[in-house]
1. Could you tell me whether residue 385 is more than 15 Å from the chain's Cα centre (by Cα), in a loop (DSSP other than H, G, I, E, B), more than 29 Å from residue 301 (Cα to Cα) and outside the structural domain of residue 83 (by TED's automatic domain parsing)?
2. If I go through the range 454-465 residue by residue, how many of them are surrounded by fewer than 23 Cβ atoms within 10 Å (Cβ to Cβ) and part of a strand (DSSP E or B)?
3. Name the strands (runs of 3 or more DSSP E) wholly inside the range 216-261 in which the number of residues that are modelled with pLDDT under 95, touching a strand residue (DSSP E or B) at 6+ places or on another chain (Cβ under 8 Å) and at positive phi is 1 or more.
4. Would you say residue 516 is outside the structural domain of residue 365 (by TED's automatic domain parsing), surrounded by fewer than 23 Cβ atoms within 10 Å (Cβ to Cβ), modelled with pLDDT of 80 or more and part of a helix (DSSP H, G or I)?
5. Could you check how many residues of the range 466-479 are assigned to a loop (DSSP other than H, G, I, E, B) and either farther than 20 Å from residue 439 by Cβ or modelled with pLDDT of 90 or more (or both)?
6. Sort through 177, 277, 202 and tell me the only one that's in the same structural domain as residue 151 (by TED's automatic domain parsing) and either modelled with pLDDT of 95 or more or surrounded by fewer than 23 Cβ atoms within 10 Å (Cβ to Cβ) (or both).
7. Answer with yes or no whether residue 283 is outside any loop (DSSP other than H, G, I, E, B) and at pLDDT 80 or above.
């Protein structure tokens, strides 16, 4: 919210300036939720740390275990994913770099890159089985295929055989070599399709990006395709459904190795010297975990993105100001997607990446377009919602959009599932229906019955918090004889004084935070929480009530600041002294909501004599202007037009000489101007918000 500076100097130009100020206020008061983005803070603190580096992981699909190769110690660590502790250490050959689990989940095969054999373990007992000899072959990675075949990559290229081999998992016999020399000697990571019929190979030496695939449905592989010229990478991973292959910062179609998405890069754009490390996917392949190292800033991180929409989800800062040795070299989730294991050269870290949703409260306007992203961490897909407000829908990735069609308060439960974990949160929608956001009256105020008296009504079922202001001195800068030291008393429907303010004096911090603090310390303002009912604000002189002789133009204002649709500002009715000059009464309203709002403006004068007013204005004239200052309607005597419509409201003026305008107002700012045709007298200017 912001203070509305109003110019009340004479002529139509001044009125246009007044309305322009109202329009400027609308930009702040009526801004609705059209696109709410969610910035998710980076995760920096691991749950657990282990004093060893890991070069490769294998996730046990049936046990709560993950197996990790430690090159520096020539061991495989068995990590319990329930306790996050090392359950057992398995001694293997020198420099283990690859792991594979048999199709029946009974055996673990370990590649020893500096030895010519494979280590094998029984996964039920974690005891070693006889090794498989690979004479003359130094292996690097391994995958388990059909018919007990193993596929082994080497970091050497062998004449007539190539760097890839088919091995019998029972005997260790090398059945075939393939790949040929034209793909060169390099380090090859392997991935195999879910049906075990297609083998994918990715170069991970950073010298150049090469990805290839082969048909391995039969014993002798058939080389299918090789793609060169990709960004170099230290990792490659296949989606669990076999649909796409992640390599460096791109996703490749497994059908033709065509780049289909460039999604897995740095969150703020690619730096000058990027390093793309290993990649992991969650169990439904909806989230990618890309390890990155910005060699310019020396920040090593894991970037989380949706693999479908490319939406950035979060980041994990692994290290800052780190050298090359701190770059992540291996990464994996556990089978429940709760934990993310990230290894550097000398340390393994475990992070909690279980899905989280954050509850929120949204205040929006009926009929205004909404686009809101549910605040989530580590969730990319599988979002649903119950009891959404009419007109709104939720996408699979948690974006709520549409146009709310009903006012009121709605509590929506959002549910999200990632892997085997489901979480929920509640969103509270406060949908603002048709109502008045701000009401105000400006007039010349004098002592006694010629004082400006503003009345307003709060309708609804709950209390409403409002700001009440009476300005005077600050109006002098606009060429008006501003009220030097205004004060006000707030009275309830019985006339009992329930509040008073004189000289707000920069003391109320909340007014400043709302942008509604008066510019002059001698002006009056306060915050009040009021029950539904009728209230009156009497403008007084700050030095001692109505008898101190203070006179001048004053502006009485009421602002709705709590946006609770269960209550609303309904009417404004202000008594003012009209003079035969530019010192007319001006009532302003700011309307919010969908569709048109039926408002009855009245200018009363002659009927006030029956209420004991000594000098009522004999023939008030009423004009209605929009936010651009355009004259929308003018009325002198209310029966001249709209008589039937005004009578149907049940509150027509009682005197023919009084004025009234019944109008449907769209969302915006409007002003009603009351003058006396050059005559003076006491008059009432009123705005009634009518329910259908």
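The values are calculated or read from the model by the stated rules, or taken from the named source; none is laboratory data. Here the structure is a predicted model, which is why all the values come from computation and not from measurement. Backbone-built Cβ (ideal geometry, glycine too); neighbour counts: all protein chains shown.
1. Answer is no for this residue.
2. So the answer is 7.
3. The qualifying strands (runs of 3 or more DSSP E) are 222-230.
4. So residue 516 does not fit the description; no.
5. The number of residues fulfilling the criteria is 1.
6. The unique qualifying residue is 177.
7. Here the answer is no, as residue 283 does not meet what is asked.
Residues are listed down the side, and each one gets a yes or a no for (1) modelled with pLDDT under 90; (2) in the same structural domain as residue 673 (by TED's automatic domain parsing); (3) part of a strand (DSSP E or B):
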residue	(1), (2), (3)
390	no, no, no
393	no, no, yes
396	yes, no, no
400	no, no, yes
411	no, no, yes
415	no, no, yes
425	no, no, yes
442	yes, yes, yes
